[in-house]
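Reviewing the structure listed below.
The values are calculated or read from the model by the stated rules, or taken from the named source; none is laboratory data. Bear in mind that the values here come from a model prediction, so they are computed numbers and not experimental data. Because the Cβ atoms are built from the backbone with ideal geometry, glycine has one as well, and the counts that use them run over all protein chains shown. Keep in mind that these areas ignore ligands, DNA and RNA; they rest on the heavy atoms of the full protein, side chains included. Shrake-Rupley method; radii C 1.70, N 1.55, O 1.52, S 1.80 Å.
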Amino acid sequence: MNGEWSVETKAVQSGWQPKSGEPRVLPIYQSTTYAYNTAQEVADLFDLTASGHMYSRISNPTVAAYEEKMAELEGGIAALATSAGQTASMIAIANICTAGEHFIAAATLYGGTVALFTNTLKKMGIAVDLVDPELSLAELRKYIRPNTRCIFGETIANPGMDIFDFEKFGALAQETGLPLIIDNTFATPYLCRPLELGAHIVVHSSTKYIDGHATSVGGIIVDGGRFDWKNGKFSEMTSPDKSYHGLIYTEQFGDAAYIVKARVQWIRDIGGYQSPMNAFLSNLGLETLHIRMDRHCENAQKLAEFLEQHDKVSWVNYPGLKSHPHHNRAQKYLKGCSGVLTFGVKGGKKEGEKVMNSLRLAAIVVHVADVRTSVLHPASMTHRQLSEQEQKAAGVSPDLVRVSVGIEKIDDIIADFNQALAKV
Ligand SMILES: *Cc1c(COP(=O)(O)O)cnc(C)c1O
C-alpha cells in the first residue's frame, strides 16, 4: 500500500506493481482457472487458510489489481469489484442484513437503487425505510429499530444533486452502532472520500466516472476496515459459517471480515464478479480520473451559470451554484461538484423534450458520467418504474432534464444548449 501518495498519484500508479521483466501495463488475465503443483495447495485455498486465486468467479489477478487501486484511492483496506453497481449495492447490504432485518436509506437515491431496495430486497425479507435526508438527527433516530443493520446514502444524489450530510448521518451511525454505507458514484474518490467523513463502506457504480468512457458496466465495494462487527448486532460475522467448516469471519480475517465474507460467501454463491476485461477498462479509466473530473466540474459550473441566466430556463440545480440549497455543504465535503446538473425549461415537460431533441452535440442516452455530454429525462427513463411519490422523494420532477456535462470545449457545449433553447 502506498498510503502516503496523493489521490492523483494513486489513480495513476497504485494497484498493478510489475516485478522485473513483467508487463508495465496491467495485463488482462483472461483465464477462468489457475494451475497448482499439489492438491493440498488447492484444498488450502478452499478452506481459506491460504490466499491466492482459485477460480475467476471469486477472484482474478487483473481484477485484484484494480480492486487494490480503488481501495487505496478511497483509503480503505480492501475492495471487491462486481459486475454492476447494482450488484455492489445489493451485496453491500445483504452481506450484513438478512431476512427479518431492516435498514434505512436517504430517499434521494438513484432509481435502480430504489427499485432494488423496495422490491427485490423486500422479497428477500429485508425491510427498508427511505427517509427524508433533511430530517433532524432526533427525527432520524425514530427510524432506527432493534433490527436495523445499516444506513445507506449517496454522496451526491442521482439526479437530485443533494449533498449528503455526513456529519449528521455519521453521528447517527456512531450512536446506534450501525455501519454507514455510501454510494460515492457521482463524487468519485477524487472529489470526496466518504471513509474520511464517517462512512464505513463505500460502493460505486464504476460504469460512470471511474470507467469514464462509457465502455464497461461495473461496481465495486470498498471496506474501510474500521467498523466493529463484534458489537452484538452482526451474528453472521461473529458466528460459525457452516459453508466453511465453521469458520468465524471476525476471528479469521479481523478488520477485513466484511469484505472477505462478501467475496467468499456472496460472490461464491451468486456470481456477479467483475470480468477481467471490464476491470482492465475500469483501471485504465482511473488513470485519468483526476484530469477528467477537474474538467467535468469546470464545464458543469460554466454550463450551470449559463443556463441560470437564460430566459427560457425556469430553474437550474447544481451544487456549485450559490442558489443551490446545499452549496455550503458541497464546499465543506467536496473538492468539486461533479459533472451532472439538472434544469427545467419554461413551460414544462413538452418544452424540455423539445430542447433535448434539438441538441446536436449532446446525445440522449441512458447513461451519465462519461466524457461525452449527454442528456436524459429521468421521469420517463431512469426513474420511470417509480411511483410519482417515489419520484418526488428522489428529487425527480416531470420537467427535469438531467445533463451529464462532458469534457469537450465548454464553448461548444454552451453553443449547443443555446441553439436548442432557441427552438422553444
Ligand atoms: C448507475 C448508478 C448505479 C447502478 O450502477 P450500474 O453500474 O448501472 O448497475 C448505482 N448508483 C448510482 C448513483 C448510479 O448512478
_With the requirement that a residue be within 10 Å of the ligand (Cβ to nearest atom) and either under 19 Å from THR148 (Cβ atoms) or not in a loop (DSSP other than H, G, I, E, B) (or both), what does the range 84-100 give you?_
GLY85, GLN86, THR87, ALA88, SER89, MET90
_For the list (1) touching a Phe, Trp or Tyr at 6+ places or on another chain (Cβ under 8 Å); (2) open to solvent by 60 Å² or more (accessible area, probe 1.4 Å); (3) on the phi > 0 side of the Ramachandran plot, I need the number of the one condition that ALA369 fails._
(2)
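Mind telling me which of the residues MET237, MET161 ends up being away from the ligand (no atom under 13 Å from the Cβ) and not acidic (Asp, Glu)?
The unique qualifying residue is MET237.
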*Check PRO18 against each of (1) surrounded by fewer than 22 Cβ atoms within 10 Å (Cβ to Cβ); (2) at pLDDT 95 or above; (3) touching a Phe, Trp or Tyr at 6+ places or on another chain (Cβ under 7 Å) and name the one condition it does not meet.*
(3)
_All positions within the range 200-232 that are under 15 Å from CYS150 (Cα atoms), of a type in the set (Asp, Glu) and part of a loop (DSSP other than H, G, I, E, B)_ = ASP228
*Taking the range 205-222 only, how many residues are more than 8 Å from the ligand (Cβ to nearest atom) and either among the aromatic types (Phe, Trp, Tyr) or within 25 Å of LEU178 (Cα to Cα) (or both)?*
4
*asked:* If I go through the range 67-83 residue by residue, how many of them are within 13 Å of the ligand (Cβ to nearest atom) and crowded, with 23+ Cβ neighbours inside 10 Å?
replied: 2
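For the range 346-424, give me every one of the helices (runs of 4 or more DSSP H) that falls completely inside it and has 2 or more residues that are among the hydrophobic types (A, V, I, L, M, F, W, C).
Per the criteria, 349-358, 410-421.
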*Can you name the residue in the range 101-150 that is among the β-branched types (Val, Ile, Thr) and within 14 Å of the ligand (Cβ to nearest atom) and, of all such residues, is surrounded by the fewest Cβ atoms within 10 Å (Cβ to Cβ)?*
THR120
*Quick one: which of VAL313, VAL340 is surrounded by 17 or more Cβ atoms within 10 Å (Cβ to Cβ) and farther than 16 Å from ILE156 by Cβ?*
VAL313
*So which strands (runs of 3 or more DSSP E) are wholly in the range 107-191 and hold at least 3 residues that are out of contact with any Gly (no Cβ under 7 Å at 6 or more places or on another chain) and closer than 24 Å to ALA330 by Cβ?*
148-154
*Can you tell me which residues in the range 262-282 are open to solvent by less than 10 Å² (accessible area, probe 1.4 Å) and either among the basic types (Lys, Arg) or closer than 13 Å to LYS69 by Cα (or both)?*
ALA279, SER282
